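For reference, the structure is listed below as structure tokens.
The values are calculated or read from the model by the stated rules, or taken from the named source; none is laboratory data. Quick caveat, the model's predicted, so the values are computed rather than measured. Counting neighbours? That spans all protein chains shown, and the Cβs are built from the backbone with ideal geometry, glycine included.
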């Protein structure tokens, strides 16, 4: 017992800040969701109308939970539950891998396992640690609901569900850590399982059977394959079913048991799935820094492109649903028109979604340039720059590949928009709107690309934090500025809010020339400064 | 014979820290030049300045008569480099990393000589090129840099503590490679704190301390300046103490020990023969002693702290 508490204390000490952030964040999400939904969908009539919209266009269910009636709390659970479970699941997955495969790969487990702790106790300590974290998360989520004046049983069930969902993925990640040789491999496997489960539940819900009054959805069989589906089927504040959450708990017990069993039969440092071997010699193409940067950036860029494709598809397909709803239900049409200042509702939806695409594109670009700093800090830039490679050329590769990542991300969104608009009456119009908006966002996102490059040349250590902070600040100012009541000039500081957009049949250029000027100046400045910049290797 | 590397009064400041403080280093063509000093003495900083990866604060530096910062790329065309702390890309295999680095240095994948040379080195260093970078130990990461450096011929090899993490067998292979490129006429700057390595490989040595060169020359020259230790079996130091050339005579563990200026050794031998000593041992100064002469006070300070 003593060994276990020692290891447990060490885990809590190492994680307290991270866990505080995760658990606090999840609680804050529940709390903010409660007050936000109360403001936006204040009346039962509004909630019933929105649920009816959802039933008409089940694609929305990919990103939401299971409709369980128009009651105030049940409606919030519909909006939030998948994300509460997702927070708990991410927290638990990273926690599990960090203390098992992560320690093992870094050689720390070897030190610990050579003491009286042995091979099994560290894993058991990680399990206990993960259970404690999820119990605390569950209690605080319940507390957030209770503090918002929700009924007790539903509140406790909501907290219990979030915790059980988290525990399932604690089990998944513990098992992944046994299967894969590296913590990176284990984390990716766990996250893949998480993402696939999320969408399996969503697709299963979308394919479900709506009730006659269009307020409830009966999940299809597909949903029952996913822990997210079990969690959503507890229907807190509606039917208050506890047994689906027990499925999550059972899955945790099975996965964690399997992980402990595998732990006892394998050698330290070994894995059940042998690591894939790489190529003995590089492909012919891998012979320049351009090829190297492409290789480094391609994986993450594909991720951003997939996200952008989805956002693009929603931008056109959702707009049509909004119109359908409008013709079926005049009350909803009035409400939606009030929400949007634009006369043309569908065009407004395209513009809003492409602002999000711009954000994804900016992330793709910033991440690519931030790799220059990672290469430098990690030490792999030094041998490359000691070969006949120009400093400026080296940085330019990151900037150019980053720009290509931005263009590809926006192009993926346009493709999505085109696919979403297929078969619509006004599909051609919406597609051309998407085309204009996509190009506008290429320019806006490029501003972040060159700003990150400038930071890299002036203050290398700040490249990664400052690059991402700029993107975040632009989102806050640009997307939420009008909502927060910030003055217009502050909102307009965000490249996203001055990018060219379609307006009727015209193109509103807005700040295009300013954006282009910023990109040109930034690119020139970073290349000029790079001429005089020496290698800044140390942390 | 022409000069490959020259620095004079070279300085490099990082804020208030003077990493290089008036460094004068000369490396002639065809030399294997040992660059000796403990961690933090300025070895890696010197190398980074020579490669144009860091900019000098003051003084002069030239490589092949070119200025390192301005003509970095021209210099790099003729240089093979092994960094002090080798990192590899986590998602590239060792073989891919080697190919990338050599191709950046101009190797062609159709070049039979390169392919043969790479195959020979992979074999010699017992290196598995198919593992992913993150799976390599320190020694194996070092091998990536070694193979990439030696697989393509260069005029100047700059090696920053190249054998750290290698086992003794691989050390032998490394020394063979240095001997091979030396025989081919290349110049080698070998930074190290492993004295036996420098003693075996280098024909000239520069000792760096706190950003300055404190001693530079051939090992023979440097030995000349120090005393040789002589000892034999015995319990009485008096006859030896009477010799004019002998210094610091004493008895220790049943042996008489004393030191002689290195150029006086032959003069002392007839005297010892007359005394009929047994178990005679004449030890020329090791590089370690030369080194400790310059770092003796540091050592004393460390021992003082330990007490």
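Which one is farthest from residue A:216 (Cα to Cα) among residues in segment A:9-47 that are more than 23 Å from the chain's Cα centre (by Cα) and surrounded by 18 or more Cβ atoms within 10 Å (Cβ to Cβ)? For segment A:9-47, the residue satisfying everything is A:11. Filtering segment A:272-308 to residues that are touching a residue at least 40 places away in the same chain (Cβ under 8 Å), in contact with a helix residue (DSSP H, G or I) (Cβ under 6 Å, 6 or more places away or on another chain) and in a loop (DSSP other than H, G, I, E, B) leaves A:272, A:273.
The residue that is farthest from residue A:381 (Cα to Cα), among those in segment B:100-121 that are crowded, with 22+ Cβ neighbours inside 10 Å and more than 7 Å from chain A (Cβ to nearest Cβ), is B:118.
Restricting attention to segment A:106-126, report how many residues are surrounded by fewer than 22 Cβ atoms within 10 Å (Cβ to Cβ) and part of a helix (DSSP H, G or I).
Total meeting the criteria: 10.
What are the pairs with Cβ atoms under 7 angstrom where one residue, in segment B:69-86, is more than 7 Å from every other protein chain (Cβ to nearest Cβ) and the other, located anywhere, is surrounded by fewer than 17 Cβ atoms within 10 Å (Cβ to Cβ) and modelled with pLDDT under 95? Sequence gap at least six, or different chains. Short answer, once both residue conditions are applied: B:69/B:55. Mind checking whether some residue in segment B:163-173 is touching a helix residue (DSSP H, G or I) at 6+ places or on another chain (Cβ under 8 Å) and on the phi > 0 side of the Ramachandran plot? Yes, because at least one residue in segment B:163-173 is touching a helix residue (DSSP H, G or I) at 6+ places or on another chain (Cβ under 8 Å) and on the phi > 0 side of the Ramachandran plot. For segment A:172-199, a residue qualifies if it is surrounded by fewer than 21 Cβ atoms within 10 Å (Cβ to Cβ), assigned to a helix (DSSP H, G or I) and touching a helix residue (DSSP H, G or I) at 6+ places or on another chain (Cβ under 6 Å), and the qualifying residues are A:189, A:193. Among the conditions (1) within 12 Å of chain B (Cβ to nearest Cβ); (2) within 24 Å of residue A:176 (Cα to Cα); (3) touching a residue at least 24 places away in the same chain (Cβ under 8 Å); (4) part of a helix (DSSP H, G or I), residue A:269 misses just one, which is (4). Only a single item in (1) in contact with a strand residue (DSSP E or B) (Cβ under 6 Å, 6 or more places away or on another chain); (2) facing chain A (nearest Cβ under 9 Å); (3) modelled with pLDDT of 95 or more is not met by residue B:132, and it is number (3). Name the residues in segment B:251-262 that are at pLDDT 85 or above and either surrounded by 14 or more Cβ atoms within 10 Å (Cβ to Cβ) or in contact with a strand residue (DSSP E or B) (Cβ under 6 Å, 6 or more places away or on another chain) (or both), would you? Those that are at pLDDT 85 or above and either surrounded by 14 or more Cβ atoms within 10 Å (Cβ to Cβ) or in contact with a strand residue (DSSP E or B) (Cβ under 6 Å, 6 or more places away or on another chain) (or both): B:251, B:255, B:256, B:257, B:258, B:259, B:260. Tell me yes or no: at least one residue of segment A:381-400 is farther than 29 Å from residue B:44 by Cα and either within 14 Å of chain B (Cβ to nearest Cβ) or at pLDDT 95 or above (or both). Yes - at least one qualifying residue is present in segment A:381-400. Of the strands (runs of 3 or more DSSP E) lying entirely inside segment B:5-112, those containing at least 3 residues that are in contact with a helix residue (DSSP H, G or I) (Cβ under 8 Å, 6 or more places away or on another chain) are B:17-28, B:32-36, B:79-82.
Here's the yes/no breakdown for (1) within 14 Å of another protein chain (Cβ to nearest Cβ); (2) at pLDDT 95 or above; (3) over 28 Å from the mean Cα position of the chain (by Cα):
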{"site": "A:241", "(1), (2), (3)": "no, no, yes"}
{"site": "A:249", "(1), (2), (3)": "no, yes, no"}
{"site": "A:290", "(1), (2), (3)": "yes, yes, yes"}
{"site": "A:293", "(1), (2), (3)": "yes, yes, no"}
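Scan segment B:80-99 residue by residue and report those that are over 24 Å from the mean Cα position of the chain (by Cα) and surrounded by fewer than 24 Cβ atoms within 10 Å (Cβ to Cβ). Those that are over 24 Å from the mean Cα position of the chain (by Cα) and surrounded by fewer than 24 Cβ atoms within 10 Å (Cβ to Cβ): B:89, B:90, B:91, B:95. When you look at residue A:396, is it in contact (Cβ under 8 Å) with a residue 60 or more places away in the chain, surrounded by 18 or more Cβ atoms within 10 Å (Cβ to Cβ) and within 26 Å of the chain's Cα centre (by Cα), yes or no? No; evaluated as a whole, the condition is false for this residue. Annotation: residue B:278 fulfils all but one of (1) surrounded by 15 or more Cβ atoms within 10 Å (Cβ to Cβ); (2) touching a strand residue (DSSP E or B) at 6+ places or on another chain (Cβ under 9 Å); the unmet one is (1).
Those helices (runs of 4 or more DSSP H) of segment B:210-288 in which 3 or more residues are more than 27 Å from residue B:198 (Cα to Cα) occupy B:238-241, B:265-275. Counting only residues that are over 30 Å from residue A:384 (Cα atoms) and surrounded by 15 or more Cβ atoms within 10 Å (Cβ to Cβ), segment A:262-290 holds 3 of them.
Inside segment A:225-250, can you point out the residues that are over 15 Å from residue A:171 (Cβ atoms) and surrounded by fewer than 17 Cβ atoms within 10 Å (Cβ to Cβ)? Residues satisfying the conditions are A:225, A:239, A:240, A:241, A:242, A:243.
Checked against (1) within 21 Å of residue B:78 (Cβ to Cβ); (2) within 12 Å of chain A (Cβ to nearest Cβ); (3) exposed (fewer than 15 other Cβ atoms within 10 Å of the Cβ), residue B:148 meets all criteria but (3).
Looking across B:183, B:145, B:179, B:151, one residue alone is in the same structural domain as residue B:47 (by TED's automatic domain parsing), farther than 16 Å from residue B:27 by Cα and in contact with a strand residue (DSSP E or B) (Cβ under 7 Å, 6 or more places away or on another chain). It is B:145.
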